[in-house]
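See structure below.
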Amino acid sequence: MTPVTDDKLLGALGRALHDQRLHMLYQPKVRLRDGSLASVEALMRWDDPDLGTVEPSRFIPIAEEHGLIDELTHWGLRTILRQWLDWCEEGIDTAIAFNISALSLQHLDFPDLVERMCRGLEVPTDRLVLELTEGATQPLVKLMDTLTRFRIKGIGLAIDDFGTGYSSLMQLRQLPFTELKVDQAFVADVARSRDSRLIIQAIADLAHGLGLSATAEGIETLEQLRTISELGCDVGQGYLISAPM
């Protein structure tokens, strides 16, 4: 099969946004102490009639590079906030987490925009959590005011894939996050790797010491679930609990 060029992908992504071909899946996150629903993570998906399934790891960088990331982010936020309203009518009141690009935070009015979107649909701001990968947090100390404004507005902030980047402890202490998400690579190894167990326990202890919650991603077996609970994680997410739906 001939590889899809970036230019072709970019054109297809623009059409997908215009024609509303993108959709969301939602993966539950449960509290490990009792199995109750803690929140859900919204996962953007794109099934193109010509290209087939295009992974976010492919189309998100294209959107960032070519100026489509804001439109993509705004579409995603509108979609998940409307979904929250549908669930609320059915008696399901839960937080929704959504991954955002660090580029979005360069807009000084971004926190105000997100708040207006929540207020416009009458969604409480504390039902929204914005996730950034650890790698994306590297330049964020410069954007401390932007992040702090999210927290003042009641919006949660999570570091995704924690443990795979190079965050300094000083930076972690400075940034106003509410949740650390342990990267699934450590969870996959937790049953057979002493190092992975030590890292997960250290991340959980670090999170709790900083007043944050610790979430483990990628749980696929009962042994992993039991072990990460014993190591002090608060919330679990993965195919053992539920596939994205």
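The values are calculated or read from the model by the stated rules, or taken from the named source; none is laboratory data. Keep in mind it's a predicted model, so treat the numbers as computed, not measured. Using ideal geometry, Cβ is built from the backbone for each residue, glycine included, and neighbour counts are taken over all protein chains shown. For accessibility, only protein heavy atoms count, side chains too; no ligands or nucleic acids. Shrake-Rupley method; radii C 1.70, N 1.55, O 1.52, S 1.80 Å.
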Q. Could we say that residue 158 is at pLDDT 85 or above and either of a type in the set (A, V, I, L, M) or surrounded by fewer than 17 Cβ atoms within 10 Å (Cβ to Cβ) (or both) here?
A. yes
**Q.** Members of region 173-195 that are outside any loop (DSSP other than H, G, I, E, B), closer than 24 Å to residue 30 by Cα and open to solvent by 10 Å² or more (accessible area, probe 1.4 Å)
**A.** 179, 184, 185, 186, 188, 189
Q.
For region 124-147: of the residues being among the β-branched types (Val, Ile, Thr) and modelled with pLDDT under 90, which is surrounded by the fewest Cβ atoms within 10 Å (Cβ to Cβ)?
A. 141
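Can residue 201 be described as open to solvent by 60 Å² or more (accessible area, probe 1.4 Å) and in contact (Cβ under 8 Å) with a residue 12 or more places away in the chain?
Numbers: open to solvent by 60 Å² or more (accessible area, probe 1.4 Å): yes; in contact (Cβ under 8 Å) with a residue 12 or more places away in the chain: yes.
Considered against the rule, which asks whether it is open to solvent by 60 Å² or more (accessible area, probe 1.4 Å) and in contact (Cβ under 8 Å) with a residue 12 or more places away in the chain, residue 201 comes out as yes.
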Q.
So, in region 22-63, how many residues would count as being open to solvent by 50 Å² or more (accessible area, probe 1.4 Å), part of a strand (DSSP E or B) and not acidic (Asp, Glu)?
A. 5
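Do you know which residues across region 100-123 are open to solvent by 60 Å² or more (accessible area, probe 1.4 Å) and either closer than 16 Å to residue 143 by Cα or in a loop (DSSP other than H, G, I, E, B) (or both)?
Restricting attention to region 100-123, the residues satisfying the condition of being open to solvent by 60 Å² or more (accessible area, probe 1.4 Å) are 103, 106-109, 116, 119-120, 122.
Those that are open to solvent by 60 Å² or more (accessible area, probe 1.4 Å) and either closer than 16 Å to residue 143 by Cα or in a loop (DSSP other than H, G, I, E, B) (or both): 103, 106, 107, 108, 109, 122.
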Q.
Would you confirm, using the coordinates I've provided, whether residue 97 is surrounded by 13 or more Cβ atoms within 10 Å (Cβ to Cβ) and touching an Asp or Glu at 6+ places or on another chain (Cβ under 6 Å)?
A. yes
Q: Pairs only if they're at least six apart or on different chains, beta carbon under 8 angstrom, first in region 1-30 and under 18 Å from residue 82 (Cβ atoms) and in contact (Cβ under 8 Å) with a residue 24 or more places away in the chain, second among the acidic types (Asp, Glu) and loosely packed, with under 13 Cβ neighbours inside 10 Å; list them, first residue then second.
A: 21/47; 23/47
Q | Search result, residues across region 64-74 that are open to solvent by less than 40 Å² (accessible area, probe 1.4 Å) and either part of a helix (DSSP H, G or I) or touching a Phe, Trp or Tyr at 6+ places or on another chain (Cβ under 8 Å) (or both) | A | 69, 72, 73
Q) Does residue 238 satisfy the criteria of being open to solvent by less than 30 Å² (accessible area, probe 1.4 Å), modelled with pLDDT under 90 and touching a Gly at 6+ places or on another chain (Cβ under 6 Å)? A) no
**Q.** Single residue of 225, 206, 231 found to be surrounded by 14 or more Cβ atoms within 10 Å (Cβ to Cβ) and modelled with pLDDT under 95
**A.** 206
Q. Out of the residues in region 205-236 that are among the small types (Gly, Ala, Ser) and in a helix (DSSP H, G or I), which is nearest to residue 193 (Cα to Cα)?
A. 229
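Tally time: how many residues in region 1-29 are hydrophobic (A, V, I, L, M, F, W, C) and out of contact with any strand residue (DSSP E or B) (no Cβ under 6 Å at 6 or more places or on another chain)?
Our first condition is that a residue be hydrophobic (A, V, I, L, M, F, W, C); within region 1-29, this holds for 1, 4, 9-10, 12-13, 16-17, 22, 24-25.
Add one more test, that the residue is out of contact with any strand residue (DSSP E or B) (no Cβ under 6 Å at 6 or more places or on another chain), and what stays is 1, 4, 9-10, 13, 17.
Qualifying residue count, region 1-29: 6.
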